[in-house]
Amino acid sequence: MVLNIPAQIGTRIEDIDTPCLLIDLDAYERNIRRMADFIDAHGLRHRAHAKTHKSADISLDQMAAGAVGVCCQKTSEAEALVHGGVRDVLVSNEVINPNMIERLAAMATQARVMVCVDDIDNIDDLSAAAARYNVELGVLVEIDVGAGRCGVAPGEAAVPLAKKIHAAPNLVFKGLQAYQGKAQHVHDYDERKARIDEAVAATRRTVEQIAQAGLSCELVAGAGTGTYAFEGKSGVYNELQCGSYVFMDADYQRIAMADGQPIDDFENSLFIYTTVMSKTKADKAICDAGLKAQSVDSGVAVVYGRDDIEYVGASDEHGVIADPDNVLALGEKLRLVPGHCDPTVNIYDWYIGVRNGVVERILPVTARGMCL
């Protein structure tokens with residue numbers, strides 16, 4: 001197998017092969033510390049969402065800073081991270097495929113495993129699989145607090161599921177999954193806050209109705225990078241699932257705070273590193289990071305730290321950079337901030353971690369392509 005590693009430990013930044021994923025290790029470490037400080041200050045738990053980075057190494061860095069474990073969206077993603085040394089995972093999604101349920105239960109022989117449900121019959125399948133492996137699965141009832149995807153309606157609809165989980169052999173009712181995904185990238189502060197206020201109210205009501213049925217929610221989980229401060233200060237949520245904060249991307253930096261200024265809680269630490277590969281025209285340059293080097297669902301990448309040039313378009317293997325003052329040179333290297341970090345990461349095999357202009361860490365994208 002060709003490993004296709006774009007650098008080695010000790011390689012100078014200017015000698016790294018491109019396109020590749022570059023991590024500014026200083027900014028990355030500051031991001032991890034800032035989130036950990038917020039969690040500590042508010043008496044919360046942080047279960048970092050690994051769908052952002054899909055990396056066992058980064059998961060372990062986050063856990064070393066205080067995260068209790070990680071979230072994954074798919075069983076195979078969780079398996080890859082458990083194989084890489086992570087010992088506490090929540091599949092923050094429904095798992096209904098019989099083969100995947102079997103793999104989920106098998107994984108629980110190696111790590112603490114939790115999963116979400118929104119269908120009462122799914123509970124029987126999870127219980128039977130857990131019994132076959134003589135393991136215990138933690139289960140959260142997912143409620144739809146505005147994302148419009150998975151989850152039962154908040155309130156009374158969650159109670160029968162909680163009761164059935166509590167009664168099911170080899171399952172433990174852990175609480176609620178209440179993630180408002182649609183609010184994360186709402187750019188306007190007041191609208192974003194209003195959506196989370198609604199989610200908090202719906203979640204509080206559900207916790208109360210489950211309590212009336214004689215059960216307690218050990219975990220009330222949700223929140224993301226765009227809204228974590230709202231949920232974190234709500235008095236309802238106690239386990240936050242922020243993921244993109246560790247890297248940040250161009251779209252997250254378009255969301256505004258109360259003063260109208262862009263969010264500045266965290267820094268860009270992840271970049272698509274690219275090289276100018278053609279400079280035959282005075283007003284533009286062509287770089288080697290095109291569509292196959294990034295996800296463009298949230299727009300094309302943004303050139304980092306430059307306002308004199310602009311990444312304006314892409315084809316499969318080429319990126320077009322507007323260069324009105326003809327300042328770029330052939331072979332020049334640039335950092336691009338991806339529009340959406342999560343699916344961009346899934347394109348690559350490696351992270352190249354740089355400090356003081358030198359490669360210090362090379363990290364595999366452990367769960368790249370794990371979508372089962």
Find how many whole Å separate the alpha carbon centroid of segment 335-367 from the alpha carbon centroid of segment 27-67. 17
Shape descriptor, segment 77-119: equivalent ellipsoid semi-axes (Cα gyration tensor, sqrt 5λ, whole Å, largest first) stand at 17, 11, 8
With only alpha-carbon atoms counted, please give the Rg and Dmax of segment 78-202, in Å. 15.7, 49
Separation of the Arg132 and Asp297 label points, Cα + 7 Å toward Cβ, nm: 3.1
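Round to the nearest 0.05 the FRET efficiency obtained for Tyr304 and Ile120 when R0 = 30 Å and r is the Cβ-Cβ distance.
For Tyr304 and Ile120, the calculated efficiency is 0.05.
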Sequence of Leu334, Leu25 once ranked by neighbouring C-beta atoms within 10 Å, starting from the fewest: Leu25, Leu334
Can you spot the aspartates and glutamates whose alpha carbon is less than 13 Å from Lys54's alpha carbon? Ignore those fewer than 8 places along the same chain. Glu77, Glu79, Asp342, Asp349
From phi via Karplus (6.51, -1.76, 1.60), per-residue ³J(HN,Hα) for segment 10-18 in Hz, x at Gly/Pro: x, 4, 6, 4, 6, 9, 6, 6, 10
Just how large is the dipole of the chain about the Cα centre, in debye to the nearest 20, putting +1 at every Lys and Arg Cβ and -1 at every Asp and Glu Cβ? 720
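Taking the Cβ-Cβ separation of Ser315 and Ile96 as r and a Förster radius of 30 Å, what is the calculated FRET efficiency to the nearest 0.05?
0.20
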Given pairs Lys51/Lys174; Lys51/Lys279; Lys164/Lys193 and cut-off 25 Å on Cα-Cα distance, the over-length ones are Lys51/Lys279; Lys164/Lys193
Ranked from fewest to most other Cβ atoms within 10 Å of their own Cβ, Leu215, Leu104, Leu126 fall in the order Leu215, Leu126, Leu104
Which percent, to the nearest 5, of DSSP beta bridges fully inside the chain are antiparallel? 45
Kirkwood-based Rg over Rh for the chain (C-alpha set), two decimals? 1.01
Just how far, in whole angstrom, is segment 161-220 from segment 229-257 if you go by their alpha carbon centroids? 17
Taking neighbour Cβ counts within 10 Å as the exposure measure, how do Thr227, Thr206 sort from fewest upward? Thr227, Thr206
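Taking the inverse of the average 1/r across all pairs of different Cα atoms in segment 10-78, what Kirkwood radius in Å do you get?
Final number for the Kirkwood radius of segment 10-78 is 13.6 Å.
Where a number appears in this text, it was derived from the coordinates with a stated rule and is not lab data. Fair warning: this is a prediction, and the values are worked out from it, not measured in the lab. Counting neighbours? That spans all protein chains shown, and the Cβs are built from the backbone with ideal geometry, glycine included.
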